[in-house]
């Protein structure tokens, strides 16, 4: 039979066990809370960093402005227009491709200091244009962070000679309410190094007629647009005068604000990309992802 001292000792032991258990639970909960807090702080820091990176890339062209043709001192993706102005919230297609060719140096090391795996993706709203993705492929990352921006992308616009949505000169004084006209100066050497195409939006097929003439002769010979891409090298070559190696050629479309462009592309250009939409500014989703 246990005396009062034994009962008291047993009660103390039980109380200590309960206190130790409570302290263990508190310690465990505290540790979990600290880990969650630490993870939340880390996530906030990564997301803030990623937002800053995205905004910087699409609003700065880099150094130099045309670094894609040289070696970049600082990478940026924003477009610089013909007036040397930076277009905000824009992505140069050729800068993006160049970044993909040297991704480890320009992005992984140059931007993220080798702390993350990452990818950059451009997804056009126009479904006839393929999306572009550069960087790493996700391999079951433990955590992934991403930011999304709406941007303008120029794709192959640098090859555009004339855009018939913009008024140009006309040697026949056509009424701009009925016609879209423009012109170019062409040299024989141009035809040896480049292919010239008239590209039309699908909606213009069988809906527009076109004609060519020069400062030497005017022509009433019009042709119906039955194809969205028309190779012009032969027509342009025929405009040269026997004693001249250059010509000023006028192109006339019998529709106001026709959705058409005249382009000059390298001989080795992928002809599968001769689509009107590729040569006009397009709205796209710009997505950057990073993970550990």
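What number of residues in the range 46-79 are assigned to a strand (DSSP E or B) and closer than 22 Å to residue 131 by Cβ? Let's see the steps before the verdict.
Our first condition is that a residue be assigned to a strand (DSSP E or B); within the range 46-79, this holds for 62-63, 74-75, 79.
If we keep only those that are closer than 22 Å to residue 131 by Cβ as well, we get 75, 79.
Adding up the residues that qualify gives 2.
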* To do: For the range 80-164, please list each of the strands (runs of 3 or more DSSP E) lying entirely inside it that holds at least 3 residues being surrounded by fewer than 16 Cβ atoms within 10 Å (Cβ to Cβ).
  => 144-153
* To do: State all residues of the range 191-215 that are surrounded by fewer than 17 Cβ atoms within 10 Å (Cβ to Cβ) and in contact with a strand residue (DSSP E or B) (Cβ under 8 Å, 6 or more places away or on another chain); if no residue qualifies, say none.
  => 193, 206, 209, 215
* Structure fact -> Within the range 238-262, the residues that are under 18 Å from residue 162 (Cβ atoms) and surrounded by fewer than 13 Cβ atoms within 10 Å (Cβ to Cβ) are none
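Is it true that residue 186 is over 19 Å from residue 275 (Cα atoms), surrounded by 13 or more Cβ atoms within 10 Å (Cβ to Cβ) and assigned by TED's automatic domain parsing to the domain that holds residue 265? Walk me through it before giving the result.
On the way: over 19 Å from residue 275 (Cα atoms): yes; surrounded by 13 or more Cβ atoms within 10 Å (Cβ to Cβ): yes; assigned by TED's automatic domain parsing to the domain that holds residue 265: yes.
Yes; evaluated as a whole, the condition is true for this residue.
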* Structure fact -> Taking the range 277-288 and keeping residues crowded, with 21+ Cβ neighbours inside 10 Å and either at pLDDT below 95 or under 18 Å from residue 205 (Cα atoms) (or both) leaves 278, 279
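The values are calculated or read from the model by the stated rules, or taken from the named source; none is laboratory data. Predicted model only: the values in this text are computed from it and were never measured. Glycine also receives a Cβ, built like all others from the backbone with ideal geometry; neighbour counts cover every protein chain displayed.
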